[in-house]
Amino acid sequence: MVLICVWPAPDWSMSRPTPCPVYTLRGAGAPLNTLHFSCSRGDTPLLFSGSAKGAVHVWNLNSRRAERVLEGHGGNSVIWVSTLQTGDTLISQGRDMRVCLWDLTEGRSEALDSVWTGSVGFCQCSVLEMSPSSYLLAFAGLQTEETKIIEMPSKNPVCTLTPDTKLGMVMCLQLWKPDSGLGPLLFAGYEDGSLLLWDVTQRSELSRVKAHPEPVMCLTFDPGRLRGVSGSCEKQLSSWMLDDQNHIQLQDYVTLVNPGVSQLRIRGDGRLLASAGWDHRVRVFGWKKLRPLAVLQYHTDMVLSVAFSDHQDPRQRLLAAGSKDQRVSLWSIYNQSANTC
Amino acid sequence: MESISSEVRLKVAQCFRTLSSSSADHTDVFDALETLNSYLDDGAESSSCTAAEREEFRRTHYSRTLRVLVGQLQADWTHSLSAAQRSQLWDPLFLKGPPDQALLVLLEAVTQPSAGLDRLVSVTERFLQGGRLADLLWSFCLGSVPSDSAQLRETLLARLAALPDLTANRLHPNNRPLFTPQRFYPLLASEMLAALERTSVLMSSTDGVDCSLTFVAQTLGKVCLQGHSGPVLAVMAPRLAVCTRSDMVWQRVSWKLLQDVPERCMESVLTGLLQAADSPDAFSRIAGNLVLTNKKAEFVLTHKVLLLQYKYEVRLLLEPPVVNVSERCGVLPAVCSVCLQVLRSVSQAWANPSAVKHTPQEQQLYVSKALLLAASLLTDAELQELRSDLLQCLLGGMQSHLDSSAVGIRTLGLVVGECLSARMDLSGTKLKFEVRRLVRSLLSFQSILRFKCNNLVSGGSSDDDLPPYDMSGDVEASRAAPPRYLRDCLEGTARFSSFCSVLSISVQMTKVLLHMEDRFSVSGFLVLRQAAMVALTAVDSVPVTQYLTTEFYSLNYSLRQRLDILEVLALAAQELSKPAADKVTAAASGLTPYQSNSAAGWRQEVEKRIQNKTKRISKGSGQPRAGAAPNRYAPVAGYFFFPLLRNYDKPEVTFDLLGSDHLVLGRLIHTLGLFMHLAVNAPIAAQMGAALLDFVWAVRYHADPTVRRGVLFAVCSVFLSMPSQALMMDLSQQLLETRTWLADVAEADPDADCRNLAVQSLVLLDQNLKKQLQNPNGLSLEP
């Protein structure tokens, strides 16, 4: 203790102790599989979380309390929640093989509609808004390797994508629309570690690469830089790039200290990448060079999901992590603009 | 040439005459002033004189002209000048000519008592405001000063550096704000920067131009030496840092400037720069490889501020040379040697036992930081070179730090030792101390620096503006399961709910507890473990005591564990010998207040009223008499006692009770004495007493006082607890011998406790004897 007293306060700009959560949200009462922020619209910033007991909590980030709890999956685990940019529509996907649509306008919380997916796996849906009134929803289908895409809210099937070789189950999906004017494309990670890029309008496979020896647990793609990263149950994150011919090119690997990643997310401004680790930690990387920046330790069990908030004021941005230990931790990290150092 | 000079001289002399003759008509004077001004006008419009004439005037007559003007301050014509005329005719003479001569004349005039001081001061002010200082410095840079001599320079430097003092002395309360040090020195600094700027522009635009920074460097040195390095460098250092970031010419200018600083001023310039530079890179960019080229600078940077003072940021000091190393190690091996030299001397300073004793703690922290920093910045190959030195430093330094009585210094030694050993990678062996939490800051300090250093070597990355957090906590997750608590274990047994299940696992649990180590830093671990073992022993005495007493003599236990066994047994025996009924009644009485609402409440109420109405002549004891309860210890005392006596004389490899492990022996005998004491009135006490006396007889003259104390305690407890009849029968043979031994000890033992215990034993023995003698049947029992 004496030493601490004598030591002059370290004033290096570089020296920064490990950060602590700004606050935590408890009371979900079950592991939190998925998180989704909605902070740019309305006056109340909201965080949606899906729990393993089938509840979607709507957390008010001002009062830091759960405003509402939506139960629409009959107690089956909720594995994905999202909102649409337009209108107060919430989409939740449960392991009861259903995707539910919720109307949240003016404090309502009623299930509008639901889509039966037939998927028994853990693959999270992906949504892509095509126009203010319609959007595409991609989800794993009834058959093992099948991915289905439907147009919402009309529920018209767009296509069913099935690879021509055995790749195992679909593990993760991401729909996106390139600036080049091509139709929507879809990244899909499979159980054998393959990563495929599908052209949704042509219903054809554009590129295929074996990114991991183990199942692809999660992937995320940055349409701005045409770069993506995927995680698996091993120690490596694999980053890849899309070239002019829409071929996936593997780039470098990032080695983690402990194996297993549940989810990867890139911050809206394309500067940070966060990973939810099975080792109870959230890792933050610089997205440009995948340089490790911080290791966030708070949870006492696997971290299942991470999410960056979409606050309009960059200083308010938050990083949320949901864990099997039934808590959500919120972190404020790298929120100052570039002139901080 | 001759003609020009004589012509100019003539003209100037005529002007002087006009100026000094105080005629009523001032037009002559104005003409003369205009003529003089024309010599200074560089513009083409003044065709009255040629360039050569102007040159001649500047070189030879300018200074004198100014003196004449100053001398005529009181003349009529001077007073009659209107403001416009003054600024057109009078002031330009001071502001347009060679600035060095002008400044000299002005300052000379200001310091000497003269009339018209006001005029002079305002001209000086205009001189400073007009950027003439930059012109002055620049003229020296170009070497275009007409009359440059060492003496002139010295005078000029002295005047320039001391301008605020000169003016303050002369003007007192009327001093102008511009002349105050707070404004003048920053102004001077920016003028110096302007001169440097011109130099760099000149150097980058044309080749082969000679440009000397000596005068600027001298000015800088002089000002710093006089203690004004703070304001001056606060202006200059940031600007230089920015300019040298990408511009090679500026870097050369900056390095040259510092190289040209006179040796006696070097220290003050460098220390000022250290305080003004905001980052090591900046310092390194500004100073260049000054450490190599300048002996004085090397001494100041690598020795004086590093080892003798401790107010600077270590990072600033050490990083520049080391960064230089990593950048151009191949080119300049000399830098390497400087750097290694630094590390060597720092390590010696750290390890110096006299320094550890006599220097203040802050200084030691500073040196430690420097050492860690240097070690973390060097590459592995360089470190290899220094290995033996560092190792020696580590060993000696650790020793002297650990010998210190101050906690801070000891901790410092531990931390530095740990870090250094980790850095040096001593063939896999690392020192490891449990000080991490205390000195997190120091460790993170090092890791950050290492990171930074790597980053510098690798050329930086585009995520650079995102400074990383401390990631030292990111270690591989242990494969071991998280700690389980005995609470969980108890819950488990409670779920299968039966008392029998506890009994069936008691030995296993004792075994686990006995071998358990405090790996998870549970608070109060030792107490909890002991309490658990005592409880197990008390609940399920026979198997657990059997287990414990066997284990006491078996192989592969530490002394600590053996002592634990004894302690647990002793506590369990105490627990058992306490009347169990006591506890139950206590618990019941404690509960009564909370039951007032229950159905039985009315009965108590009635009882109380009856008590109140009843008159009693005398009150018996209000308390219920202590209920009789069976002594739970008496039946099992033998299990506690006899197995421990069994194997004491069989030495094991790891456990020699009669040899070196006398601590355990003393404890054992004491515990046995305790068992004896608790077994009072038990049927088995007679046999126990006899066995115990037998046992202790062999070790009664043990060399260790704790053993002797234990022996005497055991004897006391035997005398107390053994039935006197049995005692007399047993002792009859050696009664006298025992008495003599006890008397001997009571008199001569070196240990006071032993003497007291012996006296007590004697008293007890005598009491026993007396009782036995008074008992008429006593002697008849004797065979």
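Some points to look at:
- Peptide-level mean, for B:85-94, of C-beta atoms on other protein chains within 10 Å: 0
- Extension gain for B:Asp118 to B:Lys613 (0.36 nm times residue separation, less C-alpha to C-alpha distance): 166.8 nm.
- Sum of side-chain charges, B:Asp564 neighbourhood, beta-carbon under 14 Å (Lys, Arg +1; Asp, Glu -1): +1
- Sorted by Cβ neighbour density within 10 Å, fewest at the top, the residues B:Lys11, A:Lys177: A:Lys177, B:Lys11
- Segment B:201-280 and segment B:532-560: distance between their alpha carbon centers, rounded to Å: 79 Å
- Shape call, segment B:644-694: gyration tensor on alpha carbons, a/c limit 1.5: prolate
- Segment A:161-179 versus segment A:198-251: alpha-carbon centroid distance in Å: 10 Å
- Full-extension gain in nm, B:Leu773 to B:Gln85, via 0.36 nm per residue minus C-alpha separation: 233.7 nm
- Entries in B:Lys578/B:Lys650; B:Lys578/B:Lys771; A:Lys210/A:Lys235; B:Lys578/B:Lys608; A:Lys148/A:Lys235; B:Lys222/B:Lys304 that, when Cα-Cα distance is taken, lie over 24 Å: B:Lys578/B:Lys650; B:Lys578/B:Lys771; B:Lys578/B:Lys608; A:Lys148/A:Lys235
- Three-way shape call for chain A based on the alpha-carbon gyration tensor, with the a/c threshold at 1.5: oblate
- Put in line by how crowded their Cβ is, counting other Cβ atoms within 10 Å and starting with the fewest, B:Thr271, B:Thr206 read B:Thr206, B:Thr271.
- Along the axis of the charge dipole computed for chain A (Cβ charges of +1 for Lys and Arg, -1 for Asp and Glu, origin at the Cα centre), the listed residues A:Met130, A:Ser329, A:Val120 are led at the positive end by A:Ser329.
- Peptide A:280-288 shows a mean partner chain C-beta count of 3 within 10 Å per residue C-beta.
- In chain A, helices alone account for a calculated mean residue ellipticity at 222 nm of -500 deg cm²/dmol, with every DSSP H run of four or more residues adding -39,500 (n - 2.57).
Read the figures in this text as sums done on the coordinates, not as results from a lab. Fair warning: this is a prediction, and the values are worked out from it, not measured in the lab. Counting neighbours? That spans all protein chains shown, and the Cβs are built from the backbone with ideal geometry, glycine included.
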